[in-house]
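Report on the following structure.
The values are calculated or read from the model by the stated rules, or taken from the named source; none is laboratory data. Given the structure is predicted, the values throughout are model-derived calculations rather than measurements. Cβ placement follows ideal geometry from the backbone for every residue including glycine, while neighbour counts extend to all protein chains displayed. Areas reflect the complete protein model, heavy atoms only, side chains present, ligands, DNA and RNA absent. Shrake-Rupley method; radii C 1.70, N 1.55, O 1.52, S 1.80 Å.
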Amino acid sequence: MTKVASVIHWFRLDLRLHDNLALRNAINEAENRKQILRPIYVIDPDIKNRVGCNRLRFLFQSLKNLDTSLRKINTRLYVIKGKAIECLPKLFDEWHVKFLTLQVDIDADLVKQDEVIEEFCEANNIFVVKRMQHTVYDFNSVVKKNNGSIPLTYQKFLSLVSDVQVKDIIQISKGVSDECKASDYDSQGYDIPSLEEFGVNESELSECKYPGGESEGLKRLDVYMAKKQWVCNFEKPKSSPNSIEPSTTVLSPYISHGCLSAKLFYHKLKQVENGSKHTLPPVSLMGQLMWREFYYTAGSGTENFDKMVGNSVCTQIPWKKNDAHLKAWAEGKTGYPFVDAIMRQLKQEGWIHHLARHMVACFLTRGDLWISWEEGAKVFEDFLLDYDWSLNAGNWMWLSASAFFYKYYRVYSPVAFGKKTDKDGLYIRKYVPELKKYPSEFIYEPWKAPKGVQKTAGCIIGEGYPNRIVDHDKVHKDNIQKMNAAYKVNKEKKAMKRPRQ
Ligand code: FAD
C-alpha cells in the first residue's frame, strides 16, 4: 500500500493562526491533494539552558493556545522534542513529507538550521514554501531598494518604505477536512510537554503578569486600540520608565513570539490614526513599530549583527571583563536602587519599560561598568519575555553608542533619571523592598542617609543592601574619555581602509 504523503507547517516565531500565509499554504496544499496535514513545533531540550523560566512559561502557554486554536479547525499541534536538524529528516522520511511551509526568520541560529533542513528537502524532493510574515515590510526588498546596503538611520529607513503598500492580512477561513487528519492524531506522544519536564517548577515562578498566546495578544491589542485618544497622543519619551503599571502597551512579548502579527498591529494603528490628529514617528506608537522594522532590516543585512567583532556597523570598543560587576548588575545588587529595581523587575516579570532598558544598558556599558554590550544582551536574552534577536542586539548597540547613536557623552544618571517621573521612589520601594521605609530624600541615594536614618528605616547600607559597586560621578567621566579614545581609533582605522585618491 502506498503511504499518503504529508504536508508540514513548521511553527517557529509565528505562533498564531491570523496573518499566517505559510500555514494557509500548507492547509490548502493538504486539502487540494488530499494529503495529511501536520502543523509541528520543534522544542530542543537544551532550551532551558538558553531561555529563562518566565519566557519558557510564556512559550508553553502560547503553544497550548495554538494547539487549542488548531483543534478548533480540526487539526492539532504536533510537538517534537529534539534538535530540528537531527529529528526532522527522520520524521520527514517516516511521514513521507512532500511539502513544507515555514516563515522566514533572521536569528543567525535559525538561519543556519534552515540551511541544513532546506538542503535535505532539496535532496529529497520536498517542496519548501517560505513566507516573510514576522515584519510589516519585506526587509530584503528594503535593502535591495537601498542598493544592497542597510539603511543606517531611522529616517532613511522611513523614506525607503514611505511608498510601500502594506497588504491586508489573511485569515484561515475554513476548517481542515477529516481526510487530512493523520491516524496518530490522538497520540499523546506529540502533546505539549509540561514545564516540569524542562526542569521548571511553576509554583516557584512569580505571578504571571503577561500570559502567552495568540488569544491574549489579540485581546491586549484590542484593549489598547480602543483607547483612541491615548494612541493618537502617544509620545514614547513622555511615557514613564518607573510607573507601577506599564505606561506602554507591552505587546512586545506577543509580537516577538509571533502570537500577534506586526502587520495586524500596523493596520489597526492606521485605522485608529485615520482622520484624527495624531503624533508621528519616531515618538508615536506607529513610530515604535517602525523602530522594530528598522532593526529587523539592519539585522537581516549585517553579518554578525549580535557581536562586536566582525560586525560592520559596530564600533570596536575595548570593553573590560568584570564578572563580579556583571553578576551584581544582573542580580540587581549594584547599590544603585533605581538600577537594581529595574533589574529585579526584569527578572521577576520578564518585561521592563524601554527607558528602563536605556538606564540599565547605559549603566552596564559606557555609563558606569564598562562591560561589553554582548554580556548585557545575553542577560536580557535570558530574562526578557520579548527577547528578539535583532531588536536586542540593535538596541544594545544603540545604548552602548556602538552603532546608530553616537552621543556617548550623554550618560543616564542612576540617581537623577528615575526621580523625574517618580520622585518618592514608589517603584524602588516595590522592587527593592529592603529600602521600603527609606525617606524619599534618600531613596535614590541611600548611602547618603545618616546611620540613624538607616537604622530607623531598618536597613543598613553594606549589610541589608549593598554598597555602591562604583561611584557614578567619577566613573562616568572616565568612561566618556575612554569612549572618546575608542571613537578616535575607529575613525583612524576607517580612514586607513578608505582607498587613496
Ligand atoms: P511600545 O512602546 O508599546 O511599542 C510597541 C511595539 O513597538 C513594541 O511591542 C515593539 O514591538 C516595538 N518597539 C518599541 N520600541 C522599540 C525599539 N526601541 N526597538 C524596536 N522595536 C520597538 N524589544 C523587543 O521586542 N525585544 C528585545 O529583545 C528588546 N531588547 C531591547 C534591549 C535594549 C537594551 C533596549 C534599550 C530595548 C530593547 N527592546 C527590545 C526595545 C523596546 O524596549 C521594547 O520593544 C519595548 O519596550 C516593548 O514594550 P512595549 O511593547 O510596551 O512597547
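Determine whether the stretch 157-176 contains at least one residue that is over 30 Å from Gln271 (Cα atoms), in contact with a helix residue (DSSP H, G or I) (Cβ under 7 Å, 6 or more places away or on another chain), touching a residue at least 60 places away in the same chain (Cβ under 8 Å) and not assigned by the TED database to the domain that holds Glu31.
Scanning the stretch 157-176, I find at least one residue that is over 30 Å from Gln271 (Cα atoms), in contact with a helix residue (DSSP H, G or I) (Cβ under 7 Å, 6 or more places away or on another chain), touching a residue at least 60 places away in the same chain (Cβ under 8 Å) and not assigned by the TED database to the domain that holds Glu31, so the answer is yes.
Is the stretch 350-369 home to any residue that is more than 9 Å from the ligand (Cβ to nearest atom), of a type in the set (Ser, Thr, Tyr), assigned by the TED database to the domain that holds Ile469 and open to solvent by less than 10 Å² (accessible area, probe 1.4 Å)?
yes
Name the residue that is farthest from the ligand (Cβ to nearest atom), counting only residues in the stretch 376-404 that are among the acidic types (Asp, Glu) and open to solvent by 20 Å² or more (accessible area, probe 1.4 Å).
Of everything passing the filter in the stretch 376-404, Asp382 is farthest from the ligand (Cβ to nearest atom).
Answer with yes or no whether Val411 is part of a loop (DSSP other than H, G, I, E, B) and β-branched (Val, Ile, Thr).
The answer is yes for Val411.
Every residue, every condition in (1) without any contact (Cβ under 8 Å) to a residue 60 or more places away in the chain; (2) outside any helix (DSSP H, G or I); (3) of a type in the set (D, E, K, R), yes or no:
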residue: Trp396; (1), (2), (3): yes, no, no
residue: Lys423; (1), (2), (3): yes, yes, yes
residue: Lys430; (1), (2), (3): no, no, yes
residue: Tyr438; (1), (2), (3): yes, yes, no
residue: Val453; (1), (2), (3): yes, no, no
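Suppose the filter is near the ligand (Cβ under 9 Å from one of its atoms) and either modelled with pLDDT of 95 or more or crowded, with 22+ Cβ neighbours inside 10 Å (or both); does Ala330 pass it?
no
Out of curiosity, is Trp373 more than 16 Å from the ligand (Cβ to nearest atom), in contact (Cβ under 8 Å) with a residue 24 or more places away in the chain and among the hydrophobic types (A, V, I, L, M, F, W, C)?
In short, no.
Among the residues of the stretch 443-501, count how many are of a type outside the set (Gly, Ala, Ser) and surrounded by fewer than 13 Cβ atoms within 10 Å (Cβ to Cβ).
Number of matching residues: 24.
Among Asn25, Asn20, which is open to solvent by 10 Å² or more (accessible area, probe 1.4 Å) and within 29 Å of the chain's Cα centre (by Cα)?
Asn25
I'd like the residue in the stretch 243-288 that is more than 11 Å from the ligand (Cβ to nearest atom) and part of a helix (DSSP H, G or I) and, out of all such residues, is farthest from His18 (Cα to Cα).
Applying the filter and picking the extreme gives Glu273.
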